[in-house]
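Here the structure is laid out as structure tokens; the discussion comes afterwards.
Bear in mind these aren't lab numbers, they're just calculated from the coordinates by the rules spelled out. Remember, predicted model here, so these are calculated numbers, not experimental data. Note that we place each Cβ from the backbone using ideal geometry, even for glycine, and neighbour counts take in every protein chain shown.
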Amino acid sequence: MKPVVQREATGCGIASAAAIAGLSYARAKAIAHSLGISAQDHRLWSRTYHVRKLLRHLGVKTGRSELTFRSWEALPDLALLSIKWHLEQGRPFWHWVVFVRDEAGARVLDSKISLKRHVRTDFGCIKPKWYIPIADARALSKIER
């Protein structure tokens, strides 16, 4: 699994979905747009529904609920993480990243455009609040890429 860099300041949810599904950012953004999902929509930053809807459309099965982060070792092999969680005017906001553990090891795929490296292993610096388990993307049926 490879990281996908977000092409909009607020496109981390779309980029994370693209990484999980193996799509380019442009393709995932076009699909999101066809579903009425836009990176400029503040609901994308503070609710899980839109990212879940995009992933479901891409054939990706997500866990039913958000689970509290306990430890890196306790995470499933593939998960969508909320990091940089904070409140703005009483509304929760976060940055989406993808956690993956496979034969190459454990890592976080971070789409933030300003990063020099989008594959992160500095787990002590990353502070997840909760996560959504994701079905193994390698088991997904082929979709139009």
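What the table shows:
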{"read-out": "Selection count, the range 26-43, where residues are under 13 Å from the mean Cα position of the chain (by Cα) and in contact (Cβ under 8 Å) with a residue 40 or more places away in the chain", "value": "0"}
{"read-out": "Per-region count, the range 92-111, residues assigned to a loop (DSSP other than H, G, I, E, B) and surrounded by 14 or more Cβ atoms within 10 Å (Cβ to Cβ)", "value": "2"}
{"read-out": "Residue list for the range 10-67, restricted to those being small (Gly, Ala, Ser), touching a strand residue (DSSP E or B) at 6+ places or on another chain (Cβ under 9 Å) and within 19 Å of VAL108 (Cα to Cα)", "value": "GLY13, ALA15, SER16, ALA17, ALA19, GLY63"}
{"read-out": "Selected residue (only one of LEU54, LEU80 is farther than 29 Å from GLY124 by Cα, surrounded by 14 or more Cβ atoms within 10 Å (Cβ to Cβ), under 12 Å from the mean Cα position of the chain (by Cα) and of a type outside the set (Asp, Glu))", "value": "LEU54"}
{"read-out": "Inter-residue pairs, beta-carbon under 7 Å, first under 15 Å from TRP94 (Cα atoms) and in the range 1-23, second surrounded by fewer than 21 Cβ atoms within 10 Å (Cβ to Cβ) and among the polar types (S, T, N, Q), 6+ apart", "value": "THR10/GLN40"}
{"read-out": "Test: LYS84 is in a loop (DSSP other than H, G, I, E, B) and closer than 17 Å to HIS118 by Cβ", "value": "no"}
{"read-out": "ARG70 under 21 Å from ALA19 (Cα atoms), free of Cβ contacts under 8 Å to residues at least 12 places away in the same chain and either touching a helix residue (DSSP H, G or I) at 6+ places or on another chain (Cβ under 6 Å) or not in a strand (DSSP E or B) (or both)", "value": "no"}
